[in-house]
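Quick notes on the structure that follows.
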Amino acid sequence: MDEIDRSLIAATQAGLPLTPQPYHAIAEQLGLTAEEVMARMQAMLESSVIRRIGVVPNHYALGYIANGMTVWDVADDKVDELGERIGQQPIVSHCYRRPRRLPHWPYNLFAMVHAKSREQAQADADQIAAVLGDACRKSDILYSSRMLKKTGLRLAE
Amino acid sequence: MSRIRSARMAKPSPACLHAQAHQPAAALPEQTLNELDRRLINTFQGGFPICERPFQVVADRLGIDEASLIARIDALLKAGVLTRFGPLFNADRMGGINVLAAMAVPTSDFEQVADFVNLQPEIAHNYRREHALNLWFVGAAESAQKVEDAFDYIESMTGLPVYRFPKEREFFIQLMLEA
C-alpha cells in the first residue's frame, strides 16, 4: 500500500459516489486517471485489502432483530479445530478466538448469529453447542439491544 | 439453515411488487422492501463490478435501468436499510487494526458514556448488549497504538475499565444476510 492506495481508501471508505461512473468521479477528485483507480481497486480486492464491494445492509432493517454474540469457554487444545468447524456453520457470520478476561470473562470463542427471533437465535446456539460438545465448559448469548454506532473503518484524511 | 448466506430469493408478497417508487425516507420496514430491493440486497453484498459503468452492469442483471438502480440505492441508504454502499476494507490488510472491547457501564451513566465513546473517531461499531458488560465496541485505526490511545482516553475520561478482546484468530466466513 502506498499513498495513492491510502488516498483511495480515504475517498471510498464512506461509500462509492452514486453516479453512473463512480470510479471516474473518484479519479477526478484525486487527480488520477479512472484506469488507475480501477486497476488499484482491483488489486486491493485481489489482495483482500478490500473484502468485497457492494451493499451493506442494516440487520435490523431486514428483520434480523435478534443479533446474538454467542460466547464459549472452549478447552485451549480444542478451540482452533472447533473454531474452524463453527466458522463453517452457515448460521454464523463472524467467528473469532479471543483472550479470556478472568475472573470476569471466561469465554475464548466468539460466534455471531443473526436471527429474526430469539427463539431462532437460541436454536442456532444449540446447534453450535452440539458441535462443541464436551470441549465447551460454559457459554452465554449476549443480545444487542441497541446499535449505537456503525461506521466503516475511518482513515485519517 | 440457509438464511444468512444463501442468495435464494425471498418470495415477494403481491402487495410489495409495485408501489415502491417513493417510500418515505424516515423508515422502511422489512415488509416494504420490494422484490427488486431483495434481489439487490441478496445479490450485491459483494461482487459490485469495477468497470466504466458498474451500475449499468448491475442494472442489466437486475433487468432495470441504470438511473433507477442508482435512485433505489440512494433511497435505501436514506431509509437506513443499507448502512453503506461501497468497498468493505479489511483493516488487517491495510496495516491497520481493529480491536473489540467492552465496558460495564452503570445504567444511570449509560447514555452519557455511550455518547462519549461514539464521539471517538477510532470507534467504528458500538452496541448495547444485555450483560454486566453492557457496552461493546470496536476500535479501528491504522495502528495498534492509535486504538490503544483511544481506549486509554475512554478509560481516563469515564473512570471505567475498558476490557480488550483483540482477536487471536479469525475463523473465516463471509457475512451475507438474506433480505
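Every read-out reported here was derived from the displayed coordinates using simple, explicitly stated rules and does not represent laboratory data. Everything numeric in this text was worked out from a predicted model, so none of it was measured. Cβ coordinates were reconstructed from backbone atoms using ideal geometry, including for glycine residues, and neighbour counts include every protein chain displayed.
Across the residues of A:96-108, average count of Cβ atoms on other protein chains within 10 Å?
If you average over the peptide's residues, the count of other-chain Cβ atoms is 4.
Give me a single rounded figure for B:133-142: the average over its residues of other chain Cβ atoms within 10 Å of their Cβ. Don't skip to the end; give the middle numbers.
Details: counts 4, 2, 1, 4, 2, 4, 0, 5, 4, 6.
So the per-residue partner count for this stretch is 3.
Answer rounded, prolate or oblate for the stretch B:105-179, using the Cα gyration tensor with square roots of eigenvalues a ≥ b ≥ c: rounded when a/c is under 1.5, else prolate when a/b is larger than b/c, else oblate.
oblate
Describe numerically, in nm with one decimal, the distance between label points set 7 Å from Cα along Cα→Cβ at B:S68 and at A:E119.
Going by the 7 Å Cα→Cβ label model, 3.8 nm.
Which residue, B:T107, B:A124, B:F89, has the largest displacement toward the positive end of the dipole of the stretch B:53-179 when charges sit on each Cβ (Lys, Arg +1; Asp, Glu -1)?
B:F89
Just counting partner chain Cβ atoms within 10 Å, what average do the residues of peptide B:148-161 show around their Cβ? Display every interim value, and only then the final one.
Numbers: counts 0, 0, 0, 0, 0, 0, 0, 0, 0, 0, 0, 0, 0, 2.
Average per residue, whole number: 0.
So which aspartates and glutamates can A:K78 reach, going by Cα to Cα under 18 Å and dropping same-chain residues fewer than 8 places off?
Of all the aspartates and glutamates, those that pass the test against A:K78 - Cα under 18 Å, at least 8 places apart if same chain - are A:D134, B:E168, B:E170.
Which one of A:V131, A:I9, A:V37 has its Cα pushed farthest toward the positive end of the charge dipole of the protein assembly as shown, where Lys and Arg give +1 and Asp and Glu give -1 at the Cβ?
Of the candidates, A:V131 comes out farthest on the positive side.
Place a +1 charge on the Cβ of each Lys and Arg in the stretch A:1-120 and a -1 charge on the Cβ of each Asp and Glu, then give the dipole magnitude about the Cα centre in debye, rounded to the nearest 20.
Details: 12 positive and 14 negative charges, 127 e Å.
Value, rounded to 20: 600 debye.
What GluC sites (Glu not before Pro) does the stretch B:100-179 have in DSSP loop regions with at most 14 other beta carbons within 10 Å?
Sparse-neighbourhood loop GluC sites (Glu not before Pro): B:E130, B:E168.
Using a 7 Å offset from the Cα along the Cα-to-Cβ direction at both A:E36 and B:D109, what is the distance between the two label points in nm, to one decimal?
5.0 nm
So if R0 is 41 Å, what FRET efficiency would B:V57 and A:R146 give, r being the distance between their Cβ atoms, rounded to the nearest 0.05?
0.65
Using only DSSP helix segments of four residues or longer, with each worth -39500 (n - 2.57), what per-residue ellipticity at 222 nm results for the protein assembly as shown after dividing by its residue count and rounding to 500? Spell out each step's value before the answer.
Working: 10 runs with 112 residues, N = 336.
The helix contribution divided over the protein assembly as shown gives -10000 deg cm²/dmol.
How big is D for the protein assembly as shown, in µm² s⁻¹ as a whole number, if Stokes-Einstein is applied with the Kirkwood radius of its Cα pairs at 25 °C and 0.890 mPa s?
Details: Rh = 21.2 Å.
My calculation gives 116 µm²/s for D.
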